[in-house]
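Let me begin by presenting the structure, written as C-alpha cells, before commenting on it.
A short reminder: the numbers here are calculations on the coordinates, not readings from a lab. Since we're looking at a predicted model, the values are computed, not measured. As a convention, Cβ positions derive from the backbone with ideal geometry for all residues, glycine included, and neighbour counts pool all protein chains shown.
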There are 2 protein chains.
Amino acid sequence: MLTNRVCKLIKRPSPGLVTRDIFEFSDEPAPEPGPNQFRIKIEYISLDPAMRGWMTDAKSYVEPVELGAVMRAYAAGHIDASNNPDFKVGDAVQGVIGVQQYALSSGKGIVKVDTKQAPLERWVGGLGMPGWTAYFGLLDVGKPLPGETVVVSAASGAVGSVVGQIAKLKGCRTVGIAGGPEKCRYVVEELGFDACVDYKAGDLDAALRAAAPKGIDVYFESVGGEILDTVLLQMNLFGRIPVCGLISAYNATTVPDGPKNLRVVLTQRLTMRGLIVFDWADRVPEANRELGAWHKAGKLRMREDIRSGGIDAYPEVLNLLYTSGNFGKLVLKV
Amino acid sequence: MLTNRVCKLIKRPSPGLVTRDIFEFSDEPAPEPGPNQFRIKIEYISLDPAMRGWMTDAKSYVEPVELGAVMRAYAAGHIDASNNPDFKVGDAVQGVIGVQQYALSSGKGIVKVDTKQAPLERWVGGLGMPGWTAYFGLLDVGKPLPGETVVVSAASGAVGSVVGQIAKLKGCRTVGIAGGPEKCRYVVEELGFDACVDYKAGDLDAALRAAAPKGIDVYFESVGGEILDTVLLQMNLFGRIPVCGLISAYNATTVPDGPKNLRVVLTQRLTMRGLIVFDWADRVPEANRELGAWHKAGKLRMREDIRSGGIDAYPEVLNLLYTSGNFGKLVLKV
C-alpha cells in the first residue's frame, strides 16, 4: 500500500526560528480519491516567508493552520489517480496542497500548469504566487513611471527578482538590495538591475545614495527593520512604498522597533500600502499572461534554490528563508 | 515713531522643548510701505505644531527659517497703511506674516477675510490652514464612507476637531482621542463626536475597542508614538491612515521608536499616506466654501485658546502645543 509522509502542525511556534518539535511527521496510507476527486503526487513544495504567520494564531490575512492539521503549503505535482473528468492522470498542477507526499482535491484552487513552457518547480516560484505578488504590488501599488527610481529589497528572492525585472521593462532605474557579493552580482548580471547594494557590506545609506542618485520613487518592501529606516530618508516627494513583507520581524524573539524615520512619510507625503496577493485573485489570469509572455521572450529570468531531504526536512529548509540561507526561490523537493 | 516688536530665530533648536535663547526679541522701527505695498498690524499669531520643524535645518516640506530672520508664522490682522489698490486700510487679512507686530506685504499669499462671518482669530484656526488640512486630509486621503468608523487623534485640537465634525457630516461613527476628561467632554458634547477616549486614563486599547466596536476604518493621525501603535491593532481591512502630524516626536530628545505594530499595514492591507496642506493649494477656495457654509449653518463648531503676553511670550506659548497645555486652537494675541 502507498504511504503518505505527512507534516502536521501540533504546537504554535515560539518567537525565533521555527523548531522541529512543533511538527509531527508520520506515515499514513495515501488517500484514495472519492467521487469527483483526484490525487496529487507532490513533487515541489514552496517555502514562503508567510508560512511563519500561518502557524501562529495572531490576527492575520488568512486563518491560522489548525493544530493537528497538515501544514499549509503551496506545492506542485502531477495527478496520479483521478475520478474527476477535468483533471486527468498525468496533469501537472499547482495550488495550496500542504507539506505531504500525496493530497486529495476536488479541484478548488488547483491550477493546471504547462511544463513545456517552464519546469514544474518554476510554477511555485516566479510564475506562481511570488510572481503575481511582484506584478500587482509593483504595478498597482507602486505605480512606477518611466524614468523613476525603483528600489527592491530582497532583490535576489522570489518576489524581488521579478519586481526589478518588471520595473526595468517599464523604463525605471532599478536598484536591488541583497545580502552578499554573489547575490548582488546575480541581481545585476543575470537579472539586469541597474545596480545592487550589499546590505551586509556596511554603510547602506552611502551605497544606496550612490546607486540611486536621484532619490527613490518606489521602494518595494519585503524586509522592514533597519533597511526600511535607511530607505525612508532617501525617498522622493510623493514616493510609494508597497509593503509585501516584513521578514526581518517574522522570527524576532521580541517585537522589534518600528521605523524611527516614519516622519518622512509625512514630510515627503509618502504612501505606504500593504498588499497580499489574494486581493488580486480575480486578475491572476492577467498576471499569468503577462509574466508568461515576458518569460517566453527571455525578458524574465528566475532561479530556484531546490533543496532535497523530503517532507522531514521542512523545518530546517524553511528557516533558511529567515537566515538569508537561500539564493533564489526556495523549494523543497519531495 | 511706531516701533515693531520682532522675534527673530538666531539659533537652531536643540532636541526637547523650544528654549528662549534661540530667539532674539528687539524693537525696530515699523516698516513703511513702498510702492504697491501695504502694512499689516498683526493681532493674532497662530501657533502650529509644524513650527518646530521650520526652525530646524532638517530636510522637510518647506525651507527652514534662516538664522537672523523673523520667525515664520501664520497670523491675522488689519491693514493700517497701504499703497496697494487691492488692499485697503481696515481690511482684515490672513497669511504667513511672522512673529512680529507689523509686516509689509505686496499681497503674495495674503488672503482677505470677512470678520462679519467669523471673528479674526478663527481665520487662523478652523477656517484657516488647520481647517483645510482637516478637509483635504479626511476627504481626499481618508476617503471615509458612510457607516465607517473614523478615529481622530488630538480630537480637541485645531485640525482634529474639524476632522471629526466633517466625518459626522459624512455619516461616519466618529471617535476622538484626547487628553483628560474636560477635553473629552468637549469633543462629545460640544463637537458632537459619537465618543471620545481619554488617552491619559490608561488602557487606551480597551477604551478604544469599546468606543469603536466595529474596528477602525480611518485613523486621522496627528500624534504618532504609542497611540498609533494601539490604533494599528484595531484597524479594519483596507483601512486608511492620513498622517497629518506626528507631534509626539517633534520635541523628542532622542529619535523615538517607530510603531512596533507596523506589520498590521501588511496584514490588514492599510494605506498610510502623509499629507501637507500646501499640496492642495489650488483647491483652497473649495475648502473655504464648504467649511464656511458648514460654519454658517452651525454644523462646524470650533474653539480658540487665546493667550496674551504679546510677541515676547512666543516660545512659552508655543511649547504648550507639545505639552498638551492648550485646549482648542492655540493663538497668541499680539
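Using only atoms on other chains, find how many Cβ atoms lie within 10 Å of each Cβ of peptide B:239-246 and report the average.
Per residue, the average neighbour count from other chains is 3.
No solvent, one uniform scatterer per C-alpha: report log10 I(q)/I(0) for region A:92-192 via the Debye equation at q = 0.14, 0.16, 0.23 1/Å, two decimals.
For region A:92-192 at q = 0.14, 0.16, 0.23 Å⁻¹, log10 I(q)/I(0) is -0.63, -0.76, -1.14.
Here is the link list: A:LYS8/A:LYS168; A:LYS11/A:LYS143; A:LYS8/A:LYS329; B:LYS200/B:LYS299. Which ones come out longer than 32 Å on Cα distance?
Beyond 32 Å: A:LYS8/A:LYS168; A:LYS11/A:LYS143.
Rounded if a/c is under 1.5, else prolate if a/b is larger than b/c, else oblate: which is chain A, with a ≥ b ≥ c the root eigenvalues of its Cα gyration tensor?
prolate
Pick from A:ALA287, A:ALA210, A:ALA76: which is most flexible by mean-square fluctuation in a GNM of chain A where alpha carbon atoms under 10 Å apart are linked?
Answer for the Gaussian network model of chain A: A:ALA210.
Please figure out what share of the DSSP beta bridges in chain B is antiparallel and state it in percent, rounded to the nearest 5.
60
Got a sec? How would B:ILE227, B:ILE177, B:ILE306 order by Cβ neighbour count within 10 Å, fewest to most?
Fewest-to-most Cβ neighbours within 10 Å comes out as B:ILE306, B:ILE227, B:ILE177.
Summarise the long-distance tail of P(r) for region B:47-98 by giving the % of C-alpha pairs beyond 18 Å.
Cα-Cα pairs of region B:47-98 separated by over 18 Å account for 45 percent.
Using alpha carbons only, how many angstrom separate the centre of region A:175-250 from the centre of region A:14-91?
Value for the Cα centre distance between the two parts: 33 Å.
Can you tell me how region B:265-334 classifies by the Cα gyration tensor, rounded, prolate or oblate, using a/c under 1.5 as the rounded cut?
oblate
Residue farthest toward the positive end of the dipole of region B:79-216, with Cβ of Lys/Arg at +1 and Asp/Glu at -1: which of B:PRO146, B:GLY125, B:GLN101?
Of the candidates, B:PRO146 comes out farthest on the positive side.
Can you give the angle from 0 to 90° between the axis of helix B:158-169 and the longest principal axis of chain B, with both taken from C-alpha atoms, to the nearest 10?
Roughly 50 degrees between the two axes.
Return the Rg/Rh ratio of region B:59-135 with Cα-based radii and a Kirkwood Rh.
0.99
Give me the net charge for the shell around B:GLU304: Cβ to Cβ below 11 angstrom, other residues only, Lys and Arg +1, Asp and Glu -1.
Local charge sum for B:GLU304: +3.
How long is region A:1-116 along each principal axis, judged by its Cα atoms, biggest number first, in Å?
So the extents along the principal axes, rounded to whole Å, are 44, 30, 25.
For a test of the definition: using alpha carbon positions, the gyration tensor, and the 1.5 limit on a/c, classify region B:175-309 as rounded, prolate or oblate.
rounded
Taking just the alpha carbons, could you work out the radius of gyration and Dmax for the protein assembly as shown, both in angstroms?
In order Rg, Dmax, the Cα atoms of the protein assembly as shown give 29.3, 108 Å.
Evaluate the relative contact order of region A:129-278 (contact order divided by residue number), counting alpha-carbon pairs under 8 angstrom at least 6 apart; express in whole percent.
23
Do the sum for chain B: with -39,500 (n - 2.57) for every DSSP H run of n ≥ 4, divided by all residues, what is the mean residue ellipticity at 222 nm, to the nearest 500 deg cm²/dmol?
-5500 deg cm²/dmol
Per residue of A:273-284, what is the mean number of Cβ atoms on other protein chains within 10 angstrom of that residue's Cβ?
The mean count of partner-chain Cβ atoms within 10 Å per residue comes to 3.
Just counting partner chain Cβ atoms within 10 Å, what average do the residues of peptide A:220-230 show around their Cβ?
Mean partner-chain Cβ count within 10 Å for A:220-230: 1.
How far apart, in nanometres, would the label points at A:GLU290 and B:ASP21 be if each is projected 7 angstrom from Cα along the Cα-to-Cβ direction?
Here the answer is 5.8 nm between the modelled labels.
What residue among B:ALA206, B:ALA92, B:ALA81 shows peak mean-square fluctuation when chain B is described by a Gaussian network model with Cα springs under 10 Å?
Between B:ALA206, B:ALA92, B:ALA81, it is B:ALA206 that shows the largest mean-square fluctuation.
Below 22 Å, Cα to Cα, which lysines can A:LYS88 reach? Residues fewer than 8 away in the same chain don't count.
A:LYS41, A:LYS108, A:LYS112, A:LYS116
Quick one: helix B:284-296 against the long Cα principal axis of chain B, what's the angle to the nearest 10°, folded into 0 to 90?
Result, in degrees: 80.
For A:LYS260, go through the aspartates and glutamates and keep the ones whose alpha-carbon is under 12 Å away, minus same-chain ones fewer than eight residues off.
Leaving aside aspartates and glutamates fewer than 8 places away in the same chain, those within reach of A:LYS260 are A:GLU226, A:ASP229, B:ASP257.
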